[in-house]
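Chemist: What follows is a single structure, and I will ask about it in a moment.
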């Protein structure tokens, strides 16, 4: 939900062009080849983990980038082909492997026992945070996608489309209108460019999108679209503020400059991560409700 940018910041034309490319790749992968979508989010998860690990290392949190990134990649196919059991087993195995990895590194450095234990716990917590914050939450999109049509409910891919496009519309409207009309910051000490004007316009845009997609794609009552919009909006906003807090604590403006006009991969995933988890919980709730 990034909004107005200073001169020399993000290019609006670059943001729009690259955003359209990402949107096309997303829709094509979800509708045509689901495995391609899993590959895309696996790569995004690995890239985001690399970015976040790099930022943490700059603040002396020694997060092993290669194993964290490889593990973040693997969680997606684990979740898609293995379901919830393999999702959690994969995450736990990766976290345990990271602790072992860091312990071996410290032993190789001939660190004292006291220093080794303290640093291993500190760095293990940082590594576990990356795995939980990024691939675990992202993997709920894989769980959502694998759901078949049953008992009158549509395939999970339509839930993925509904949640992701609603987040995109919320983010885009907050950015486009917030940069023009934003005058009252929501949390100036956390993210001064996010305004109440952008928030309310994005809420209305997300509501309209969610209701249409809930009725048309999910084939559920319109009022459930209001529920979806409210939950996804709060997830997107909280995810955006969470990453803003992380970046502020780490002293960085963007996680990287890998994506033209958008910053880093994590700068694009901030809203999507909690929205993926929220979308999965909404589907579970809908199955029980209807």
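Laboratory data are not the source of any read-out in this text; all were calculated from the coordinates shown. All of these numbers come straight from a predicted model, not from anything done at the bench. Cβ placement follows ideal geometry from the backbone for every residue including glycine, while neighbour counts extend to all protein chains displayed.
Chemist: So for 205, 271, fewest C-beta neighbours within 10 Å to most, what's the order?
Modeler: Starting with the residue having the fewest Cβ neighbours, the order is 205, 271.
Chemist: With everything on Cα atoms, drop me the angle between helix 65-108 and the longest principal axis of the chain, reported from 0 to 90° to the nearest 10.
Modeler: Result, in degrees: 30.
Chemist: Arranged by the count of other C-beta atoms within 10 angstrom, fewest first, what order do 166, 54 take?
Modeler: Neighbour counts put them in this order, fewest first: 54, 166.
Chemist: Is the range 131-212 rounded, prolate or oblate when judged by the Cα gyration tensor, a ≥ b ≥ c being the square roots of its eigenvalues, rounded requiring a/c under 1.5 and prolate requiring a/b larger than b/c?
Modeler: oblate
Chemist: When a/c is below 1.5 the answer is rounded, else prolate if a/b is larger than b/c, else oblate, so apply that to the chain with a ≥ b ≥ c taken from the square roots of the Cα gyration tensor eigenvalues.
Modeler: Oblate.
Chemist: Pick from 132, 170, 104: which residue has the top mean-square fluctuation in a GNM of the chain where Cα pairs under 10 Å get a spring?
Modeler: For the chain, modelled as a Gaussian network with Cα springs under 10 Å, the answer is 104.
Chemist: OK, next. How high is the FRET efficiency between residue 35 and residue 242 when r is their beta carbon distance and R₀ equals 30 Å, given to the nearest 0.05?
Modeler: Efficiency computed from Cβ-Cβ geometry: 0.50.
Chemist: Can you pull the one-decimal nm distance between simple spin-label points at residue 204 and residue 217, each 7 Å off the Cα toward Cβ?
Modeler: Distance between the two pseudo-spin positions: 2.3 nm.
Chemist: Another question, then. Using only Cα atoms, find the angle between the long axis of helix 156-181 and the longest principal axis of the chain, and express it within 0 to 90 degrees, rounded to the nearest 10.
Modeler: 90 degrees
Chemist: Relative to the longest principal axis of the C-alpha atoms of the chain, give the angle of the C-alpha long axis of helix 12-31, reported between 0 and 90° and rounded to the nearest 10°.
Modeler: 90 degrees
Chemist: Along the Cα-to-Cβ line of residue 129, 7 Å from the Cα, sits a label point; which residues in the range 235-253 have backbone N less than 12 Å from it?
Modeler: In the range 235-253, the label zone of residue 129 (backbone N under 12 Å from the point 7 Å along Cα→Cβ) covers 243, 245-251.
Chemist: With the crude spin-label approximation of a point 7 Å out along Cα→Cβ, what separation in nm comes out for residue 149 versus residue 100?
Modeler: Rounded to a tenth, the inter-label distance reads 4.4 nm.
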